[in-house]
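Below is one structure, written out as structure tokens; comments come after it.
The values are calculated or read from the model by the stated rules, or taken from the named source; none is laboratory data. Values in this document were obtained by computation on a predicted structure and should not be read as measured data. Cβ: placed from backbone, ideal geometry, glycine included. Neighbour counts: every protein chain shown. For the accessible areas, the whole protein counts, side chains as well, though only heavy atoms, and no ligand, DNA or RNA atoms are used. Shrake-Rupley method; radii C 1.70, N 1.55, O 1.52, S 1.80 Å.
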Amino acid sequence: MTTETRADVVPAPFAAPSTDDGGWQRRHLLDLDDFTVEELDLVMRTTDTMKEVLSREVPRVPALRGTTIFTLFYENSTRTRSSFELAGKILGADVINISASGSSVSKGESLVDTVKTLQAVGADVLIMRHNRSGGPYLAARTGQCSVVNAGDGTHAHPTQALLDLYTMRGALGDVRGRKVVIVGDLLHSRVARSNAWALTTMGAEVVVCAPPTLVPARLGEALEGHLPRVRVETDLDKAVVDADVVMALRIQNERMQGGYVPGVREYSRLYQVNGERVARAKPGALVMHPGPMNEGVEISHEVAHGLQSRVEEQVTNGVAVRMAVLWLLTRNSTKAAKAAAKGAL
Amino acid sequence: MTERIVILGGGIFGPATGKSELLGVLLEDGRISAVAKDIVVDGAREIDAKGLIVAPGFVDLHTHLREPGLEYKEDIASGTRAAARGGFTTVCAMPNTEPAMDNASIVEHVRREADARAAVRVLPIGAVSKGRKGTDLAEMGDLAAAGCVAFSDDGAPVYDATLMRRALEYANGLGLAIIDHCEDPSLAHDAVMHEGWVSTRLGLRGAPSAAEGAAVARDIALAEATGAHVHIAHVSTRGAIEAIRAGKARGVRVTAEVTPHHLTLTDELVAFGAHGGWDLMYDTNAKVNPPLRSADDVEACVAGLADGTIDCIATDHAPHAVIEKLCEFDDAAFGISGLETAFGLCMRLVHEQKISLETLIERLTIGPVRALGLDRFAPGIGTLDVGAPADFVLLDPDAEWVVDAASFASKGKNTPIDGVALKGAVVATYVGGVRVDRAEVLVG
């Protein structure tokens, strides 16, 4: 009997990206603000491989066998959590889900203690959604395990932006020079922030659109790369002209009540992505939404389910992208662990 | 027997007289008895201050000693030891204790504890409103009689404009100022940092500069209308400073303070920490209220300090327990433990030639004394005048040192500049002729 190494159990297609990894050194995925074109390309290529795995009759590979993944969600989520869980399971990892409400977290255990505890019981990867911006950064500084940000407060949602980028590339080929319009609650949207970083890095022209009350401070200004280079346009009718992609964001009820906008009626009149507005975009422009959708508010029913909609594809791609992320992060930590072990001898 | 101490060889700095020269100082029984050249006194203990600057002890108008009730963060003994290490010989204790210092018995308690355990002089500040709730005036007459030197609901603004008006009028009758934490909560609500590109980058709720500017403008209007004295705590924005400058020009009785951190640090520290790099830190030790602002605001603070629009430097020393900072940014407490780094941090401005050493020392000594008229309560403090208490510091403006929060005398290790190198150090601090920054005496 021979000892199985990881290379033996990984199916052939996995070898391709690993030989050309663009110097990938990341242990954590916290945001895309510092990703290079090469790194984003690597994630995209790896996602292609994962799509192939998903298309198999039995979509299971043991690439992450022996890896323990915890999902730790301080906020409710259906698609993100299930998509991560499935991604881990397809790759053969053990996935354990923890809800903040059903654990000692609800008894006031601090984030730092929770992370230390999960690490002590053997977590290799911690997938975290947090209602506080920066929560995953604190977790990443606390432990040795890889941390994947599955959405933090109003800050970042990197895997959503990666799956959006993947979806756009699937339809458009390359996003370079393409016009992407993101419309909705920019002030509170972690999806918009991460998308803006990834898309501008890849050379897309990003126009963001919202009522002035929902545009965060200084967004749109050239600030030496401190913020993504986007253009702010508060008039959606103007923003969508010649767009290749129109992405609507969820507007939450609390924003309506919080006095940011006068109400649902006016918001939907001025900022809804509907057929008339999509018609101003390029023919065949993609319509996207990170979900969950308020149909009839930020997006019309016809457009959400129309021929140009990529909303369901976004969800499907989410699994493949998250498989790619888990693979890239853990493969790296395994390599690092091996190198460290060698150094110790 | 009279104890005599002679300080020799230092650059004597008496900001009250605006002079900086090499003189000797003679101390007798805890008071300054002579400042002159060539002092020779038989049998006097000598303090060798060669190469150092001898200055009056610093006076802090804004210190959170946390006692009573919050001793897990700080207490009178630890907080005043921190003050002594930082060169402060007098601190004004803010009343946001538990319970609040809103009645004479708590003030008496603090004074009694200070007499027994404090390393430096403690002057209490009473609350403006009962329980600092902002609805009913506290018994200011009783508080004044118990020794309060001013009134403040610091930690929170006096939100209600009519209450502020009444407070100004009532305090004016007692000859005391209202110190207001200027922040319009309807603009700043739930904010955890300054509103700007950094808050956008981090996805954190920002307080606009206008939240401070609006509150300062209101207070100046009320001070003008009542003829009373308002002191603006921890000014941090260009707009507020311009409003104060205009108010002073009209003769309004408005004074102001600025903290060392608002003079030197920006909101970028929240994102990236004090050690550079582009990794996002969400540094909770840089979470403070008012928040660290933009570089433009910092520039305005320095200019305001230099031209006298801002009367003095105050630390807003706000110590917290580890657990109150080792958490998510939104959940972290506001505040910086600032007494022990104040001088070193402010010396950056001197070394960068933005203000003179004379101005810096003035704003740390006689500046705060004059702002609140503290010489009525402790005659002579903030000066090296003959007859003044022998409260003084020995300073080395060029000594380089590295901030080590773990070694703070304060219980609060919450500083955003831990590990940062500073140039300019407090070598020794004396209160009433007794060295207080450490147990042993400098020279026998």
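Listed here are the residues, each with its yes/no results for (1) under 23 Å from the mean Cα position of the chain (by Cα); (2) part of a loop (DSSP other than H, G, I, E, B); (3) more than 14 Å from chain B (Cβ to nearest Cβ).
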| position | (1), (2), (3) |
| --- | --- |
| A:VAL175 | yes, yes, yes |
| A:VAL181 | yes, no, yes |
| A:ALA196 | yes, no, no |
| A:GLY203 | yes, yes, yes |
| A:VAL208 | yes, no, no |
| A:THR213 | no, no, no |
| A:LEU223 | no, yes, no |
| A:PRO228 | yes, yes, no |
| A:VAL241 | no, yes, yes |
Extreme residue, nearest to B:LEU280 (Cα to Cα), among residues of segment B:203-221 that are open to solvent by 20 Å² or more (accessible area, probe 1.4 Å) and of a type in the set (D, E, K, R): B:ARG205
Segment A:207-243, residues that are small (Gly, Ala, Ser) and in contact with a Cys (Cβ under 7 Å, 6 or more places away or on another chain): A:ALA239
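Taking A:ALA171, is it within 14 Å of another protein chain (Cβ to nearest Cβ), outside any loop (DSSP other than H, G, I, E, B) and open to solvent by 10 Å² or more (accessible area, probe 1.4 Å)?
Criteria not met by A:ALA171.
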Options A:VAL261, A:VAL246; residue that is in a loop (DSSP other than H, G, I, E, B), away from every other protein chain (no Cβ under 11 Å), of a type in the set (A, V, I, L, M, F, W, C) and surrounded by 15 or more Cβ atoms within 10 Å (Cβ to Cβ): A:VAL261
Residue identified as within 18 Å of the chain's Cα centre (by Cα) and at pLDDT below 95 among B:ALA93, B:ALA156: B:ALA156
Residues within segment A:104-158 that are more than 12 Å from chain B (Cβ to nearest Cβ), touching a residue at least 60 places away in the same chain (Cβ under 8 Å) and part of a strand (DSSP E or B), tallied: 5
Yes/no for B:GLU224 being over 25 Å from B:ASP296 (Cβ atoms), acidic (Asp, Glu) and open to solvent by 60 Å² or more (accessible area, probe 1.4 Å): yes
Residue in segment B:208-219 that is within 13 Å of chain A (Cβ to nearest Cβ), free of Cβ contacts under 8 Å to residues at least 40 places away in the same chain and not aliphatic (A, V, I, L, M) present: yes
Selection status of B:ALA314, closer than 26 Å to B:GLU71 by Cβ and under 19 Å from the mean Cα position of the chain (by Cα): yes
Given (1) out of contact with any Leu (no Cβ under 7 Å at 6 or more places or on another chain); (2) open to solvent by less than 50 Å² (accessible area, probe 1.4 Å); (3) more than 17 Å from B:ASP331 (Cβ to Cβ), number of the condition A:SER82 does not satisfy: (2)
Complete set of residues in segment B:354-375 that are of a type in the set (Lys, Arg) and within 16 Å of B:ASP311 (Cβ to Cβ): B:ARG363, B:ARG370
Flag if A:ALA192 is within 11 Å of another protein chain (Cβ to nearest Cβ) and among the aliphatic types (A, V, I, L, M): yes
Residue ID - least open to solvent (accessible area, probe 1.4 Å), chosen from residues in segment B:177-202 that are free of Cβ contacts under 8 Å to residues at least 40 places away in the same chain, in a loop (DSSP other than H, G, I, E, B) and within 12 Å of chain A (Cβ to nearest Cβ): B:GLU195
